[in-house]
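The structure appears right after this line, and notes come after that.
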Amino acid sequence: MDTIETPILILLPLRPEYADEMAVVLSDPKLHTFTGGAPLTAPELRARYERLAAGPPGWCNWVVWSREEESLVGYVQATIDEGTAEIAWVIGTPWQGRGLATASAKALVEWLMKQGIRTIIAHIHPDHAASAAVATSAGLRPTERWHDGEVRWERTV
């Protein structure tokens, strides 16, 4: 998988050794307000990262490295299947509001389009205004479709 670089961040292909730092980045229970669940411990996250790294080629996962912070601040992911990618992004609470989610999502969408992906999808809770703003900035638009209580957002090329 490619490393994806922008002026403010680098998307690094996910590796299990990022688990310790990412467990801290993702430790705020508020990150699960709209998605459910709870923060994972470093060993739980390492096991998850090992599964993701060993998964099929369509499982694409990156951690987000902030050039300004010189640290990991979140992750992005894409599940690719026959010209369609379902994407998601998470930025740790201390780094929110700095444009990192928007920059990450835009970089991911641009990379996917260069790979020939024609449809990009995200599912966003209807009350999650920040994620809706990120999706809009990345060129996705809400549809009338819903999935598990979330609005399907889409960008089709």
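The values are calculated or read from the model by the stated rules, or taken from the named source; none is laboratory data. Because the structure is predicted, anything quoted here is derived from the model rather than measured. Cβ placement follows ideal geometry from the backbone for every residue including glycine, while neighbour counts extend to all protein chains displayed. Note: accessible area is taken over every heavy atom of the protein model, side chains too, but ligands, DNA and RNA are not part of it. Shrake-Rupley method; radii C 1.70, N 1.55, O 1.52, S 1.80 Å.
Restricting attention to segment 108-148 and to residues that are under 26 Å from Leu14 (Cβ atoms) and basic (Lys, Arg), the residue that is surrounded by the fewest Cβ atoms within 10 Å (Cβ to Cβ) turns out to be Lys114. When you look at Val151, is it under 11 Å from the mean Cα position of the chain (by Cα) and open to solvent by less than 50 Å² (accessible area, probe 1.4 Å), yes or no? Here the answer is no, as Val151 does not meet what is asked.
Just name the residue that is surrounded by the most Cβ atoms within 10 Å (Cβ to Cβ) out of those in segment 21-46 that are more than 14 Å from Leu72 (Cα to Cα) and among the small types (Gly, Ala, Ser). Step by step, filter segment 21-46, then rank; the result is Ala42. Checking each residue in segment 11-20 for being more than 12 Å from Leu108 (Cβ to Cβ) and crowded, with 16+ Cβ neighbours inside 10 Å picks out Leu12, Leu14, Pro16, Tyr18, Ala19. If you check Ala78 against the conditions, is it assigned to a strand (DSSP E or B), more than 13 Å from Val25 (Cα to Cα) and free of Cβ contacts under 8 Å to residues at least 60 places away in the same chain? Spelling it out, Ala78 is indeed assigned to a strand (DSSP E or B), more than 13 Å from Val25 (Cα to Cα) and free of Cβ contacts under 8 Å to residues at least 60 places away in the same chain.
Just give me the residues in segment 47-79 being open to solvent by 50 Å² or more (accessible area, probe 1.4 Å) and more than 21 Å from Phe34 (Cβ to Cβ), in sequence order. Hits for segment 47-79 are Glu50, Arg51, Ala53, Ala54, Pro56, Pro57, Trp59, Trp65, Arg67, Glu68, Glu69, Glu70. The residues on offer are Leu40, Leu72, and the sole one that is at pLDDT 95 or above and over 15 Å from the mean Cα position of the chain (by Cα) is Leu40. Among residues of segment 10-35 that are touching a residue at least 24 places away in the same chain (Cβ under 8 Å), those with a Cβ under 6 angstrom from a residue that is open to solvent by 90 Å² or more (accessible area, probe 1.4 Å), sequence gap 6+ or separate chain, pair up as Pro13/Met1; Pro16/Glu50.
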